[in-house]
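The block underneath contains the structure these notes are about, expressed in structure tokens.
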Amino acid sequence: GENVEQHPSTLSVQEGDSAVIKCTYSDSASNYFPWYKQELGKRPQLIIDIRSNVGEKKDQRIAVTLNKTAKHFSLHITETQPEDSAVYFCAASRRGSGNTGKLIFGQGTTLQVKP
Amino acid sequence: ETGVTQTPRHLVMGMTNKKSLKCEQHLGHNAMYWYKQSAKKPLELMFVYNFKEQTENNSVPSRFSPECPNSSHLFLHLHTLQPEDSALYLCASSQDRSAGYTDTQYFGPGTRLTVL
């Protein structure tokens, strides 16, 4: 069945360093790849997403890259700050005719940014 | 932050109790979702409703019963739950536009459920 693998499960970096989280997906028809950030005790919030018609998208310190051939996508956070500490989830979805988009989530990465 | 609300935020129930979780979205969306979030596991999709019609039931046990009276409200009725059902239950909504296009899902704050 559809599956999304996310690595690493935990990541610790020094403030100012970069962080990279990687996901692979199994369904080659997937065409939408969002990233969510979930702070402790809070709801998941979308931070960036990418669709299969582009290979890279950037929003300030956050960027996402997509390699459709290899079926993997990555989240890049530059100049990390302590407030970036959270759990990050990747997801993949495909939307055929007549059905609502179904997100398949990765297992999550706990990012700790040390001051 | 107030686009999708959930009540109650915390719920403790016994295995023989019946309770309901409520979700309301104020974003004018037409699709709503229930997810289960357990420790050490990815978010698991439970149910999807599109224009009040259930379009997905992800092999969820019958002790969980969803209800969607209109596009803004979604309920999850609980009865005879097991301790392993303890988790954070998240509601989400999206504006379902067209075939072939997946829209952003916005999450509620969740209900932390503990089954004793």
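Readers should treat all values here as calculations from the given coordinates under stated rules, not as data from a laboratory. Small disclaimer: the values here were computed from a predicted structure and weren't measured. Using ideal geometry, Cβ is built from the backbone for each residue, glycine included, and neighbour counts are taken over all protein chains shown.
Side notes on the structure shown:
- Annotation: the antiparallel percentage among DSSP beta bridges lying fully within chain B is about 90.
- Excluding the site residues themselves, the longest part of chain B lacking any chymotrypsin sites (Phe, Trp or Tyr not before Pro) in a DSSP loop with at most 15 other Cβ atoms within 10 Å is B:1-50.
- The lysines within cross-link reach of A:K102, meaning a Cα-to-Cα straight distance under 25 Å and a gap of 8 or more places when in the same chain, are A:K22, A:K37, A:K42, A:K57, A:K58, A:K68, A:K71, B:K22, B:K36, B:K40, B:K41, B:K52.
- Cα Rg over Rh - chain A, Kirkwood: 0.97
- Shown for chain B: cysteine residues without a partner Cβ closer than 4.7 Å, namely B:C68.
- Taking GluC sites (Glu not before Pro) across the stretch A:6-115, the ones in a DSSP loop with at most 14 further Cβ atoms lying within 10 angstrom of their Cβ are A:E15, A:E39, A:E79.
- Extension gain, B:T7 back to B:H77 (0.36 nm per residue minus Cα-Cα distance, nm): 24.0 nm
- If R0 equals 22 Å, the separation of the Cβ atoms of B:T114 and A:R51 corresponds to a calculated FRET efficiency of about 0.05.
- Karplus (6.51, -1.76, 1.60) ³J(HN,Hα), θ = phi - 60°, over the stretch A:34-50, in Hz, Gly and Pro reported as x: x, 10, 10, 10, 10, 7, 4, x, 10, 7, x, 10, 5, 10, 6, 9, 9
- The stretch B:56-61 - phi-based ³J(HN,Hα) in whole Hz, Karplus 6.51/-1.76/1.60, Gly and Pro as x: 8, 10, 8, 6, 8, x
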